[in-house]
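Some notes on the structure that comes next.
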Amino acid sequence: MQSNWSQSAAETEGLTVEQAIANLQSPDLSLRYYAAWWLGKFRVNMPAAVEALIVALEDEADRTELGGYPLRRNAARALGKLGDTRAVPGLIRCLACEDYYVREAAAQSLGMLDAPAAIFPLMELLTGGVEEAVPVSGRPHLTQPYDSVIEALGALQAKQAISLIQPFLEHPQAKVQYAATRAMYQLTQEDSYGQSLVKALEGNDLQLRRTALSDLGAIGYLPAREAIARCAVENSFKLLALKGLLEHQAKLHEAPTQDTIQVMTLMDSLL
């Protein structure tokens with residue numbers, strides 16, 4: 001059940017929780033699309049919201065000219081934020097959807113849930129390896145959402161996927177390389193992978209530096225704290241990455257350590 005604070009905050013955005021859930025069944029497709037986004041944004045993890053979003057994963061009405069499923073995409077993204085594992089079977093089915101962005105959203109959400117059942121379906125999307133991980137003609141993406149799939153497998157501690165993930169360290173796209181590096185660190189705890197992401201913070205591309213920051217925060221790589229603080233990106237991205245380090249340390253230690261105090265000091269310097 002959501003907190004009173006989150007419900008109050010959500011309702012200041014022009015909807016009530018009940019209206020948002022009802023709007024998922026509206027004949028107005030734009031209302032349905034917005035409701036799915038809204039329920040995820042405010043993390044409305046009420047049973048009725050989760051159930052309605054799971055139903056929306058099978059929606060056939062909201063289609064783009066190119067055959068995409070916008071409502072399914074938003075529903076899949078929202079369900080990852082709500083943390084209810086009842087969504088896992090539906091999200092796994094979404095991995096076979098013809099819409100690339102539905103598959104991407106489903107993979108991301110499965111990585112956020114405790115979903116060991118998703119490991120083998122996610123691994124199947126890596127079939128063919130780097131050789132098949134090529135751009136789709138006329139589209140701004142690869143054949144599969146490889147970065148999201150690999151990140152999900154890392155988050156799920158899918159050690160059985162190591163041999164599938166490792167070749168993607170050499171993929172031509174840097175984002176896919178970073179995803180593989182991130183997952184390999186999570187699955188092996190080898191320091192060389194963390195150091196590779198630290199080195200990426202010195203790259204020339206701003207967006208890739210932001211991606212590397214996010215990856216370092218996600219894996220909680222503590223030796224990166226100083227490099228994160230001085231990286232040439234906006235402070236908001238640095239703070240999110242440092243917050244990830246703190247959250248990781250909080251899982252390992254009940255009381256603050258000298259390392260966590262140093263991270264908090266760096267965060268204070270960025271505010």
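The values are calculated or read from the model by the stated rules, or taken from the named source; none is laboratory data. Since we're looking at a predicted model, the values are computed, not measured. Note: ideal-geometry Cβ built from the backbone for every residue, glycine included; neighbour counts use all protein chains shown. Note: accessible area is taken over every heavy atom of the protein model, side chains too, but ligands, DNA and RNA are not part of it. Shrake-Rupley method; radii C 1.70, N 1.55, O 1.52, S 1.80 Å.
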Self-check item: Excluding exposed DSSP-loop GluC sites (Glu not before Pro) (at most 15 other C-beta within 10 Å), longest clean stretch of the chain
Solution: 99-189
Quiz item: Hey, what's the Cα Rg ratio for the range 47-86 versus the globular rule of thumb, 2.2 N^0.38 Å?
Solution: 1.19
Quiz prompt | In Å², nearest 10: area of Leu15 left accessible to a 1.4 Å probe | solution = 20 Å²
Quiz prompt | Under 5 Å, built H, 5+ apart or other chain: amide partners of Leu142 | solution = Val136
Quiz prompt | Ratio of the Cα radius of gyration of the range 188-271 to 2.2 N^0.38 Å, where N counts its residues | solution = 1.01
Quiz item: Taking square-rooted eigenvalues a ≥ b ≥ c of the alpha carbon gyration tensor, is the range 97-136 rounded, prolate or oblate, where a/c under 1.5 means rounded and, failing that, a/b exceeding b/c means prolate?
Solution: oblate
Practice problem: For the range 122-250, build the charge dipole from Cβ charges (+1 Lys, Arg; -1 Asp, Glu) around the Cα centre, then report which of Ser236, Gln207, Thr188 sits farthest towards its positive end. | Solution: Ser236
Quiz item: When the helix-only estimate is applied to the chain (DSSP H runs of n ≥ 4, each -39,500 (n - 2.57), divided by the residue count), what is the mean residue ellipticity at 222 nm, nearest 500 deg cm²/dmol?
Solution: -18500 deg cm²/dmol
Quiz item: Whole-Hz Karplus ³J(HN,Hα) for the range 88-104, in order, using 6.51 cos²θ - 1.76 cosθ + 1.60 and θ = phi - 60°, x for Gly and Pro?
Solution: 4, x, x, 5, 4, 4, 5, 5, 9, 5, 5, 7, 3, 6, 5, 4, 4
Quiz item: Using a 1.4 angstrom probe with every protein chain in place, what is the largest-first accessible-area order of His248, His171?
Solution: His248, His171
Quiz prompt | Amide H within-cut-off set for Asn45, under 5 Å, with H built and near neighbours excluded | solution = Gln2
Self-check item: Sequence-distant lysines (8 or more away, or on other chains) whose Cα lies within less than 16 Å of Lys251
Solution: Lys243
Quiz item: How would Met123, Met112 line up by accessible area, probe 1.4 Å, largest first?
Solution: Met112, Met123
Quiz item: Rounded to two decimals, what is Rg over Rh for the range 124-271 when you use alpha-carbon atoms and the Kirkwood radius?
Solution: 1.00
Exercise. In whole Hz, with x marking every Gly and Pro, tabulate ³J(HN,Hα) for the range 243-250 from phi via Karplus 6.51 cos²θ - 1.76 cosθ + 1.60, θ = phi - 60°.
Key: 4, x, 4, 4, 5, 5, 5, 5
Quiz item: When ligands, DNA and RNA are left out and all protein chains stay put, how many square angstrom of accessible area per residue does the chain have with a 1.4 Å probe?
Solution: 49 Å²
Quiz item: Rounded to a whole number, what % of the accessible area of the range 101-175 do carbon and sulfur atoms account for, probe 1.4 Å?
Solution: 55 percent
Exercise. Before anything else, pin down the relative contact order of the range 50-123: Cα pairs under 8 Å, at least 6 apart, normalised by residue count, whole percent.
Key: 31 percent
Exercise. Determine ³J(HN,Hα), in whole Hz, for all residues of the range 192-199 in sequence, where each value follows from phi through the Karplus function 6.51 cos²θ - 1.76 cosθ + 1.60 and θ = phi - 60°; x replaces Gly and Pro.
Key: 4, 6, x, 5, 4, 5, 4, 4
Quiz item: Tell me, what does the Kirkwood hydrodynamic radius of the chain come to in angstroms if you use every pair of distinct C-alpha atoms?
Solution: 19.8 Å
